[in-house]
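*Asks:* The following block contains the structure, expressed as structure tokens.
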Amino acid sequence: MLNILDFSKLPPVYTEILNKVNDGINIVDEKGILLFSNKVSAEYCNSRPEDMIGQPIENYYPNAVLLYVLRKHVPVFNGRIHYVGAKKYMCSSFPIFDGSKLIGAFSIFRDIQEIEELNRRVKYLEMQVNLTKPEVDIDSVVKSGALEAIFKKAKKTVGSLGGPRHSIITGESGTGKTMLANLIYNYAKKIGVIAKNAPFIEVNCAQFTNPDIAAMEIFGSEEGAYTGSKTKKGLFEQAHGGILFLDEAHALENHQTLLLKAIESGKIRRIGGTKEISINVIIIAASTRNLKEVLLPELYQRLGQYEMYLPSLRERSREEKEMLFSYFVKKYEKAVKKAHNINYHVNFTPQAKLALLNAEYPRNIRQFRDVINCSIDSSSPLLEDVHGQTDIINTVTINDIPFDIADIKSDIPNKKSQEEKITGTVKEMVDKMLDENKGPRKISKELMALGYNIEYYKVAYYIKNMKKKKA
Ligand SMILES: Nc1ncnc2c1ncn2[C@@H]1O[C@H](COP(=O)(O)OP(=O)(O)OP(=O)(O)O)[C@@H](O)[C@H]1O
Ligand SMILES: [Mg+2]
């Protein structure tokens with residue numbers, strides 16, 4: 001009888017085809033002796049097909065799935081990852097029957113290193129997007145004290161019985177102006193003041209270097225308005241039926257009268273055009289500056305019926321800072337759950353938490369969020385070390401906190417007033433750290449992170465004095 005697994009009888013073209021595929025292929029007889037290995041498989045174990053054929057498969061693949069298939073007579077599909085040295089692959093193996101008699105088995109396996117790498121990158125990007133994507137629901141973001149009143153006002157701007165109004169949001173960079181504008185937009189959609197598919201058009205008024213270009217962008221243009229200009233819808237028209245978010249509105253200067261006219265009449269005229277176009281747009285103007293001092297009084301009056309000032313992080317209560325802290329930690333945990341399906345629990349040592357809460361953040365909540373994320377990143381285990389785990393508890397320590405938190409402190413103008421001597425509580429802390437064999441630089445870093453302005457040389461001086469006293 002012709003042995004159906006006699007590869008010596010196989011026309012060479014078939015071997016060539018099997019050698020060209022990207023997957024590894026092994027075929028064994030019923031005793032596990034290799035009858036065929038393609039080039040990819042041979043490369044996996046740094047060998048050559050001609051040397052492998054005739055040898056037991058376990059000489060090359062000690063834990064080959066094929067051996068299990070030979071024992072159990074059942075196929076095994078890609079289930080788990082196998083390792084050959086540093087290489088990883090997924091494998092499917094199938095028994096070969098001649099009638100009802102098992103005469104061998106074959107396996108096909110795929111290198112998943114590259115796929116895993118891509119997967120890792122996608123997951124990383126997904127995490128970053130989840131951690132920094134704008135908040136969507138006005139009721140779920142952090143608010144307490146003064147902020148509670150601001151958010152109530154924000155709802156009123158679009159939700160009051162008198163109809164929606166334009167509004168102004170001011171505050172330092174990173175205090176949540178863009179976030180609030182988006183929340184107002186989502187809220188307006190939710191309560192039906194604007195349609196579900198209404199536009200939210202954002203324009204950074206400071207981005208235009210040339211006032212003519214800015215005017216054409218905002219109000220649109222007709223062909224020939226300027227040399228080379230084309231017929232184009234402006235941002236006002238694009239925002240029709242929705243919200244026009246004028247960010248950095250203090251830079252509007254040159255267009256204030258045009259804007260005022262548009263708001264008063266509900267109509268715009270494209271630059272170079274004659275036709276008046278009706279527009280129905282809710283404007284939210286935002287700025288890091290006081291718009292009352294910058295805009296024309298009539299324009300300010302039109303826009304600023306509702307003005308919301310978002311306080312800097314410095315001005316916020318400890319309670320609110322703690323709430324923001326917990327909010328961002330939760331957000332991180334949720335992002336890990338979403339990307340990796342891991343229940344991630346992040347704890348902070350009291351020292352690390354204190355350092356994060358006490359540090360100064362000139363770029364406000366955005367920076368606070370980024371520093372928290374960065375600290376958790378630093379303390380988190382590597383993905384390749386957590387295979388199969390569904391619950392992970394992780395602790396962020398002072399060493400995970402970005403070093404430049406200490407540098408940020410030195411940006412503060414009022415540095416002198418924070419100079420401290422090594423006495424009292426600080427002395428106790430330094431003594432304890434010295435007992436733990438920490439050096440002056442490390443001690444200084446930890447104290448700085450806790451909000452004490454103790455340069456390393458001061459610690460070094462303290463140690464020197466202490467030794468002198470002991471001597
Ligand atoms: N009350 C809050 N609750 C939750 N997250 C907040 C809150 N306030 C601000 N944030 C976070 O801070 C981030 C930065 O805020 P945002 O970009 O809106 O600041 P901004 O005032 O527009 O800054 P810029 O002036 O630089 O444009 C937001 O994406 C959000 O993650
Ligand atoms: Mg912004």
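The values are calculated or read from the model by the stated rules, or taken from the named source; none is laboratory data. Keep in mind that this is a model prediction, so the values were computed, not measured. Ideal geometry is used to build each Cβ from the backbone, glycine not excepted, and the neighbour counts take in all protein chains shown.
*Asks:* Going by what's in this entry, would GLY145 be described as over 30 Å from ALA188 (Cβ atoms) and among the small types (Gly, Ala, Ser)?
*Replies:* no
*Asks:* Test of understanding: among LEU244, LEU252, LEU259, which residue is modelled with pLDDT of 95 or more and closer than 30 Å to GLU135 by Cα?
*Replies:* After applying the criteria, what remains is LEU244.
*Asks:* Looking only at residues that are at pLDDT below 90 and either part of a helix (DSSP H, G or I) or in contact with a Lys or Arg (Cβ under 9 Å, 6 or more places away or on another chain) (or both) in segment 329-351, which one is surrounded by the most Cβ atoms within 10 Å (Cβ to Cβ)?
*Replies:* That would be ALA339.
*Asks:* So PRO134 fits all but one of (1) modelled with pLDDT of 85 or more; (2) over 27 Å from ASN63 (Cα atoms); (3) not small (Gly, Ala, Ser); what number is the exception?
*Replies:* The number of the failed condition is (1).
*Asks:* Over 18 Å from TYR124 (Cβ atoms), in the same structural domain as VAL329 (by TED's automatic domain parsing) and touching a residue at least 40 places away in the same chain (Cβ under 8 Å): is that true of ASN373 in this structure?
*Replies:* No.
*Asks:* Six or more apart or on different chains, Cβ atoms under 6 Å: show the pairs whose first residue is in segment 236-253 and in the same structural domain as LYS190 (by TED's automatic domain parsing) and aliphatic (A, V, I, L, M) and whose second is part of a loop (DSSP other than H, G, I, E, B) and at pLDDT 95 or above.
*Replies:* ALA239/PRO199; ALA239/VAL281; LEU244/VAL281
*Asks:* Continuing with this model, one more query. Can you find a residue that is exposed (fewer than 12 other Cβ atoms within 10 Å of the Cβ), within 16 Å of ligand 1 (Cβ to nearest atom) and among the basic types (Lys, Arg) anywhere in segment 91-114?
*Replies:* no
*Asks:* Moving on. Please work out which residue is farthest from ALA239 (Cα to Cα), limiting yourself to segment 175-203 and to residues that are within 13 Å of ligand 2 (Cβ to nearest atom) and of a type in the set (D, E, K, R).
*Replies:* LYS177
*Asks:* Scanning segment 134-174 for residues that are within 14 Å of ligand 2 (Cβ to nearest atom) and not polar (S, T, N, Q), which turns out surrounded by the most Cβ atoms within 10 Å (Cβ to Cβ)?
*Replies:* Among those that are within 14 Å of ligand 2 (Cβ to nearest atom) and not polar (S, T, N, Q), it is ILE169.
*Asks:* So, restricting to helices (runs of 4 or more DSSP H) that lie completely within segment 1-90, which ones have at least 1 residues that are of a type in the set (Ser, Thr, Tyr) and closer than 24 Å to GLU116 by Cβ?
*Replies:* The qualifying helices (runs of 4 or more DSSP H) are 39-44, 65-72.
*Asks:* I need the full set of residues from segment 286-310 which are closer than 24 Å to LEU183 by Cβ, more than 16 Å from ligand 2 (Cβ to nearest atom) and part of a loop (DSSP other than H, G, I, E, B), in order please.
*Replies:* Listed by number, the residues that qualify are ASN290, LEU295, GLY304, GLN305.
*Asks:* Return yes when GLU223 is more than 16 Å from ligand 2 (Cβ to nearest atom), surrounded by fewer than 18 Cβ atoms within 10 Å (Cβ to Cβ) and free of Cβ contacts under 8 Å to residues at least 60 places away in the same chain and no when it is not.
*Replies:* Numbers: more than 16 Å from ligand 2 (Cβ to nearest atom): yes; surrounded by fewer than 18 Cβ atoms within 10 Å (Cβ to Cβ): yes; free of Cβ contacts under 8 Å to residues at least 60 places away in the same chain: yes.
Against the criterion (more than 16 Å from ligand 2 (Cβ to nearest atom), surrounded by fewer than 18 Cβ atoms within 10 Å (Cβ to Cβ) and free of Cβ contacts under 8 Å to residues at least 60 places away in the same chain), GLU223 qualifies.
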